[in-house]
Amino acid sequence: MIAGYIAYAKPVQTSLLNKLTQRLQTLDRVLSTRTFIVGDRMTLADIALGSVLFSLTTGNGHIDAAARAKIPNVVRYLET
């Protein structure tokens, strides 16, 4: 099951991971020139986004170390 919602199917999982990777790469480009999502300090947007990214990158998350290496600005954002 993917996130406990649908039965496992390799094509579906591959498609979802590809879409997730594309979105994280877009976010990585945005964060290449910013420290926070909106403005110069932490806002509610950063807290919401940070909680989702944290769950994706830790524990049983879907983003492994190899994938994290491709999105260094997202990793920096999480560590800020």
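The values are calculated or read from the model by the stated rules, or taken from the named source; none is laboratory data. Predicted, not measured: the structure shown is a model, and the values here were computed from it. Cβ: placed from backbone, ideal geometry, glycine included. Neighbour counts: every protein chain shown. Please note that ligands, DNA and RNA were not included when accessible areas were found on the heavy atoms of the full protein model with its side chains. Shrake-Rupley method; radii C 1.70, N 1.55, O 1.52, S 1.80 Å.
Quick rundown of the values:
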{"item": "Residue list for segment 7-36, restricted to those being more than 19 Å from residue 55 (Cα to Cα) and outside any helix (DSSP H, G or I)", "result": "7, 8, 9, 32, 33, 34, 35"}
{"item": "Selection within segment 7-54 - open to solvent by 90 Å² or more (accessible area, probe 1.4 Å) and of a type outside the set (D, E, K, R)", "result": "8, 11, 22, 33, 42, 44, 47, 54"}
{"item": "Filtered residue count, segment 25-54, keeping only those that are at positive phi and modelled with pLDDT of 95 or more", "result": "0"}
{"item": "Count of segment 55-80 residues which are surrounded by 11 or more Cβ atoms within 10 Å (Cβ to Cβ) and either modelled with pLDDT of 90 or more or among the charged types (D, E, K, R) (or both)", "result": "10"}
